[in-house]
1. Please say if region 1-41 is rounded, prolate or oblate, where rounded means a/c under 1.5 for a ≥ b ≥ c the square roots of the C-alpha gyration tensor eigenvalues, and otherwise the choice is prolate for a/b larger than b/c and oblate otherwise?
2. Roughly speaking, to the nearest percent, how much of the chain's 1.4 Å accessible area is carbon and sulfur?
3. List every residue whose amide H lies under 5 Å from the amide H of GLN4, counting only residues 5 or more places away in sequence or on a different chain, with H placed 1.01 Å from N in the peptide plane.
4. Take the eigenvalues of the Cα gyration tensor for the chain, scale each by 5, and report the square roots as semi-axes in whole Å, largest first.
5. Roughly how many debye, to the nearest 20, is the charge dipole of the chain about its Cα centre, given +1 on each Lys and Arg Cβ, -1 on each Asp and Glu Cβ, and no other charges?
6. Highest first, please rank the peptides 53-59, 27-33 by the mean number of other Cβ atoms sitting within 10 Å of their residues.
7. At LYS41 and PHE68, where each label point lies 7 Å from the Cα along Cα→Cβ, what is the point-to-point distance in nanometres?
8. Probe of 1.4 angstrom, ligands and nucleic acids ignored: what's the accessible area per residue over the chain, in square angstrom?
Amino acid sequence: MFLQMLKPLKPVGAYNNDNVSPPFPEGTIGWMSAIPPIGTKFQSADKMGPQSQQNIQLNAPVTGTLWFDFRPELKGY
């Protein structure tokens with residue numbers, strides 16, 4: 001799981017926004033089970049090899065428990 005904090009802006013003046021700005025979910029904070037592939041300024045991600053293929057959604061709900069621990073850190077522990 002990856003924490004999405006904010007949503008990156010599209011580069012201003014870039015002519016290849018599709019290569020370097022992958023789609024992100026709507027909203028500014030959320031949980032992602034995968035990070036979308038990113039290309040370079042010369043090539044799109046689908047031309048970069050198997051490690052840059054689009055993520056596959058298995059149409060199965062993701063379940064689990066997230067724990068947040070906001071206790072102050074114990075010194076010397």
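1. Details: a/c = 3.36, a/b = 1.74, b/c = 1.93.
Oblate, because a/c is 1.5 or more while a/b does not exceed b/c.
2. Numbers: 4400 of 7320 Å².
That share works out to 60 percent.
3. Under 5 Å from the amide H of GLN4: GLY30, TRP31, MET32.
4. Numbers: eigenvalues 196, 65, 34 Å².
With the √(5λ) rule applied to the chain, the semi-axes are 31, 18, 13 Å.
5. Working: 6 positive and 5 negative charges, 36 e Å.
Value, rounded to 20: 180 debye.
6. The peptides rank, most packed first, as 27-33, 53-59.
7. Placing both labels 7 Å beyond Cα along the Cβ direction yields 3.9 nm.
8. Details: 7320 Å² over 77 residues.
Computed with neighbouring chains in place, this is 95 Å² per residue.
The values are calculated or read from the model by the stated rules, or taken from the named source; none is laboratory data. Computed from a predicted structure; not experimentally measured. FYI the Cβ positions are ideal-geometry reconstructions off the backbone, even for glycines, and counts take in every protein chain you see. Just the protein is used for accessible areas: all its heavy atoms, side chains included, with ligands, DNA and RNA removed. Shrake-Rupley method; radii C 1.70, N 1.55, O 1.52, S 1.80 Å.
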